[in-house]
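Engineer: Got a structure here, written out as structure tokens. Questions coming.
The values are calculated or read from the model by the stated rules, or taken from the named source; none is laboratory data. No experiment lies behind these values; they were computed from the predicted model shown. Every residue, glycine among them, receives a Cβ derived from its backbone with ideal geometry; neighbour counts consider all protein chains shown.
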Amino acid sequence: MCCFSQPVISVNNTQIFARLSGTSTQFLAYQMNYESREQNAMILPLPVKQPANAETLNFINLKEYEAFFDDLSDGFPFHSPPSIGCSAPFDPTSRHELEVVEVGNYIASFVPTIADFDRLDSQFTLPNEIWASIPEYKNFGFAVFQLAAGLLKPHPMAFEFQSATDDLFFPTVHIHDGEVHDSEDFDHVLYMQHAGLDSKVYAYENSYVEDQSTGLIRSKYVASHFCNLDKTAEIIDENLLVHRKIMRGNLINSDTIFAIAGDPLNPSLNFRPWLSFTPWLIVLAGIGWFFNRRAKLKKLRETKPAQYDSEGAT
């Protein structure tokens, strides 16, 4: 998502990772390049379980893993094309300020509901009429990261939140100029892990070909082959593949949701990777049958004369 509390000059190369924990929470990591003339804030709407409180979301520090998304990209041999860029009633008893947390180089806050934005510095919020134009966020919570002015690529933002849904949720709605437009220019790469996807995919082809069973691009190997697991704070499951969706160009301005069947952590038996070799297996089986049949016929010819001689002698 490119959703800022103040206007920005540019935003590009947005990368988001999502994974379900299997215990009703979702991990999410986010990184982008941006340029802003003034101090700003990234606001990420999330389908949190209500009622929400400070324990609903746990921020994760990835300051020591700035290469998080670089490593994810390494799971897909050959690099992707260059980025193109993209330009409730209030309860007075909750009036106290929201908790502010230092997460690496960020100052971050969790806003449990839209009404709670009133408890945050106005520089890091959006006008009420903006939220009124997006009614689907009525029961959402919001992760807010304060950003410095300038042309920057901050280290990945990350957190785990109690989710109100079993779907994988990616915050991709754009708000750059204080307005919500029907379509926007996207420059996003979405990464995800889910055992239900691993249970369906065919063999790896290359970094541009979508798997015919998922519509996503699968990594060549499981995550342990290309991620630094000591730095991921358990965001990454080492035993699962990583799946990728590239979103570039003028697209409908909405969040991206994946409803995936199956257990998020334990893949079921998958024979599909072998199907890519099926034609060759058929050919090899045919050759094997031919030579086996020829050997049996040869043996039969060799044994018949001996049998005839024995009977004639008798």
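Engineer: Please go through the stretch 240-255 and pick out each residue that is under 16 Å from the mean Cα position of the chain (by Cα) and either surrounded by fewer than 14 Cβ atoms within 10 Å (Cβ to Cβ) or outside the structural domain of Tyr208 (by TED's automatic domain parsing) (or both).
Structural biologist: Matches in the stretch 240-255: none.
Engineer: Given the conditions (1) under 20 Å from Leu120 (Cα atoms); (2) surrounded by fewer than 18 Cβ atoms within 10 Å (Cβ to Cβ), and given that Leu147 satisfies all but one, which numbered condition is not satisfied?
Structural biologist: (2)
Engineer: Answer yes or no as to whether Ser207 is surrounded by 22 or more Cβ atoms within 10 Å (Cβ to Cβ), more than 28 Å from Thr113 (Cβ to Cβ) and of a type in the set (Gly, Ala, Ser).
Structural biologist: no
Engineer: Please note which strands (runs of 3 or more DSSP E) are completely contained in the stretch 147-230 and include at least 3 residues that are hydrophobic (A, V, I, L, M, F, W, C).
Structural biologist: Per the criteria, 157-162, 168-170, 183-193.
The rows are residues; the columns are (1) in a helix (DSSP H, G or I); (2) over 30 Å from Phe169 (Cα atoms); (3) in the same structural domain as Ile134 (by TED's automatic domain parsing); (4) modelled with pLDDT under 75.
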{"residue": "Ile257", "(1), (2), (3), (4)": "no, no, yes, no"}
{"residue": "Leu269", "(1), (2), (3), (4)": "no, no, yes, no"}
{"residue": "Gly286", "(1), (2), (3), (4)": "yes, yes, no, yes"}
{"residue": "Asn292", "(1), (2), (3), (4)": "yes, yes, no, no"}
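Engineer: Then there is this: Please enumerate the residues belonging to the stretch 1-46 that are surrounded by 24 or more Cβ atoms within 10 Å (Cβ to Cβ) and not in a strand (DSSP E or B).
Structural biologist: Passing the criteria: Cys2, Ser5.
Engineer: Do we find that Ala108 is exposed (fewer than 15 other Cβ atoms within 10 Å of the Cβ) and assigned by TED's automatic domain parsing to the domain that holds Met32 in this structure?
Structural biologist: On the way: exposed (fewer than 15 other Cβ atoms within 10 Å of the Cβ): no; assigned by TED's automatic domain parsing to the domain that holds Met32: yes.
For Ala108, the condition - exposed (fewer than 15 other Cβ atoms within 10 Å of the Cβ) and assigned by TED's automatic domain parsing to the domain that holds Met32 - is not met.
Engineer: For the stretch 65-74, indicate whether the set of residues that are in a strand (DSSP E or B) and either over 18 Å from His243 (Cα atoms) or of a type outside the set (D, E, K, R) (or both) is non-empty.
Structural biologist: No: the stretch 65-74 contains no residue that is in a strand (DSSP E or B) and either over 18 Å from His243 (Cα atoms) or of a type outside the set (D, E, K, R) (or both).
Engineer: So which of Lys138, Lys200, Lys153 is closer than 25 Å to Lys63 by Cβ, in the same structural domain as Ala67 (by TED's automatic domain parsing) and of a type in the set (D, E, K, R)? Please lay out each step first, then the result.
Structural biologist: Numbers: Lys138 fails: closer than 25 Å to Lys63 by Cβ; Lys200 fails: closer than 25 Å to Lys63 by Cβ.
On inspection, the qualifying residue turns out to be Lys153.
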